Amino acid sequence: MVKTKGYDVAVVGGGPAGMIAAYHAARAGRRVLLIDRMRPPGQKIPLSGGGRCNILPLQPVEPGAYVSDSSVNIVKKILLSWPLAEVRAFLSGPFGLKLIDKRKTGKVFPLFGGGEEVRNHMLAVVRQRGIEVRTGSTVVDIEPSQRRSVVLENGDSIVAEQVILATGGMSYPKTGSDGTGFEIARRLGHTVIDPYPALVSLRGGSPAHHSLSGLSIPVTLSVGGGKSRLRVHGDFLFTHHGYSGPAVLNIAHVAARAADADEPPTIEVAWSDKTQQEWEELLAPGGKTVRGVLKEVLPDRLVDLLLDELSLSEARTATLNRNDRTRLIAALTHYALPWRRAGGWNEAEVTGGGVALSEVEPRTMRSRIVPQIYFCGEILDAFGPIGGTNFLWAFVTGKLAGKGLASN
């Protein structure tokens with residue numbers, strides 16, 4: 001075993017959280033080593049936003065929009081420590097990223113290029129800070145001694161006074177996220193909420209549903225009941241294998257976590273913003289066909305599918321009986337989506353689950369269990385909805401970890 005020279009800080013993981021953590025630790029005067037198994041690091045960044053890299057939300061996001069098994073108050077403390085406006089000012093100021101607003105979608109993108117350019121720029125800034133970057137090195141363990149030993153796959157070890165774990169989760173494993181960080185955290189004594197794919201598409205539907213591939217429509221999706229009922233509004237996309245689009249991605253984690261449940265939850269679709277009463281008024285007896293009424297509100301192909309499923313293709317509003325009217329309005333406002341399963345890790349945009357936030361100090365991201373260990377980014381048990389919120393989480397927790405260890 002070879003021990004290399006010592007460092008003040010070893011940051012394990014070169015994604016956005018790891019790079020921001022390394023930057024702030026170095027800015028505070030620490031000797032920093034950034035370690036990543038991939039060449040180059042940060043390989044998930046070019047995949048974000050379909051390659052365009054949706055780097056931030058345009059408007060602040062409520063902490064309650066983040067999904068975590070931990071208290072929303074902890075999530076709130078973390079996010080409010082570095083407000084969105086200040087994060088943006090930092091990225092476009094000291095960090096030198098040029099950004100542009102997309103007001104229609106509520107997202108922020110780089111002005112020039114996409115994810116690859118963002119990754120390359122961030123890496124260049126990190127190196128300009130004097131941070132040593134070591135790639136092609138897989139960390140397999142951290143020895144809980146007074147001076148942390150970061151153990152590599154080849155048997156070598158690196159001595160560091162403090163360690164930041166920014167290893168990511170398990171989504172897009174080809175980018176280097178294979179869950180190793182979770183195993184290290186468990187061995188250090190941390191509770192890890194079982195990981196599950198999040199922001200992922202759903203599989204299911206009949207051949208008739210698959211024939212609508214490419215059709216996108218704004219909908220409201222609902223799952224669960226009572227106070228735990230989750231409702232999301234956004235675009236819904238039919239695919240060759242099931243369903244996608246922002247609305248589906250933002251609710252699919254419920255399906256992913258229920259994969260082993262005896263009774264998986266029903267996901268209901270309201271195909272428009274019209275209420276049950278409004279549909280009853282539109283479908284009141286008259287001279288129109290049911291098909292004609294629905295096509296004034298919904299896409300033709302979706303109307304044809306719904307009426308075929310209900311055997312109401314030839315129905316007229318004047319002759320629609322009470323039972324058929326009830327079935328039709330239920331299909332328009334509470335349609336049971338025939339999903340079978342959530343997509344897997346290869347297509348999940350983020351990881352749900354992770355290191356329990358209750359075991360991390362929210363002001364510094366310092367472990368409450370093992371001194372000198374810090375966490376940031378996707379390894380933590382929290383993720384946000386589509387729209388740049390997970391980059392925001394990475395940047396905020398990265399800064400807290402980098403500055404936190406310097407203050408300690």
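The values are calculated or read from the model by the stated rules, or taken from the named source; none is laboratory data. This one's a predicted model, so the numbers in the text were calculated from it and none came from an experiment. For neighbour counting, all protein chains shown are included, and Cβ atoms are generated from backbone atoms with ideal geometry for every residue, glycine included. For the accessible areas, the whole protein counts, side chains as well, though only heavy atoms, and no ligand, DNA or RNA atoms are used. Shrake-Rupley method; radii C 1.70, N 1.55, O 1.52, S 1.80 Å.
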Looking at the chain as a GNM with Cα springs under 10 Å, which of Gly398, Gly115, Gly286 has the largest mean-square fluctuation? Gly286
In a solvent-free Debye calculation with one equal scatterer on each Cα, what is log10 I(q)/I(0) for the chain at q = 0.07, 0.09, 0.10, 0.13 Å⁻¹, listed in the order of the q values? -0.38, -0.59, -0.70, -1.03
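Mind ranking 307-316, 188-197 by how tightly packed they are, going by the mean number of other C-beta atoms within 10 angstrom, highest first? Write down the numbers at each step before the final one.
Numbers: 307-316: 15.0, 188-197: 18.6.
Listed from highest to lowest mean packing, they are 188-197, 307-316.
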On C-alpha positions alone, give me the angle between the axis of helix 322-333 and the longest principal axis of the chain, in degrees, nearest 10. 20 degrees
Could you work out how far helix 389-407 tilts from the main Cα principal axis of the chain, as a 0 to 90 degree angle to the nearest 10? 20 degrees
Hull-based mean projected area of the stretch 172-277, where the convex hull spans the alpha carbons, in square nanometres: 9.6 nm²
When the Karplus curve 6.51 cos²θ - 1.76 cosθ + 1.60 is applied with θ = phi - 60°, which whole-Hz ³J(HN,Hα) does each residue of the stretch 305-318 get, with x for Gly and Pro? 5, 4, 5, 5, 5, 8, 6, 10, 4, 9, 5, 10, 4, 6
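How high is the relative contact order of the stretch 1-104, in percent, with contacts defined as C-alpha pairs under 8 Å that are six or more residues apart? Spell out each step's value before the answer.
Values: 73 pairs, mean separation 19.4, N = 104.
The value is 19 percent.
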Size-normalised alpha-carbon gyration radius of the stretch 274-364, reference 2.2 N^0.38 Å: 1.74
Could you pull out the pairs from Lys77/Lys107; Lys44/Lys174; Lys76/Lys102 whose alpha carbons sit more than 18 Å apart here? Lys77/Lys107; Lys76/Lys102
Please compute P(r) over all alpha-carbon pairs of the stretch 1-108, binned at 5 Å starting from zero, and give each bin as a whole-number percent. 2, 9, 14, 18, 21, 18, 10, 4, 3, 1, 0, 0
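Given a 1.4 angstrom probe, I'd like the percentage of the accessible area of the chain that is carbon and sulfur, rounded to a whole number.
Numbers: 8730 of 17770 Å².
So the carbon and sulfur contribution to the accessible surface is 49 percent.
Which of the peptides 31-38, 169-176 is most tightly packed, and how do the rest follow, going by the mean number of other Cβ atoms within 10 Å of each residue?
Working: 31-38: 24.6, 169-176: 20.4.
Ranking the peptides 31-38, 169-176 by packing returns 31-38, 169-176.
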Heavy-atom accessible area per residue, the stretch 252-408, 1.4 Å probe: how many Å²? 43 Å²
Calculate, for the stretch 134-219, the solvent-accessible area per residue in square angstrom, rolling a 1.4 angstrom probe over the heavy atoms of the protein chains. 37 Å²
Please compute the contact order of the chain in relative form: average sequence separation of alpha-carbon pairs under 8 Å and at least six residues apart, divided by the residue count, as a percent. 25 percent
Along principal axes, Cα extents of the stretch 350-408, largest first, whole Å: 34, 20, 12
When N counts the residues of the stretch 1-60, how does its alpha-carbon radius of gyration compare numerically with 2.2 N^0.38 Å, as a ratio? 1.39
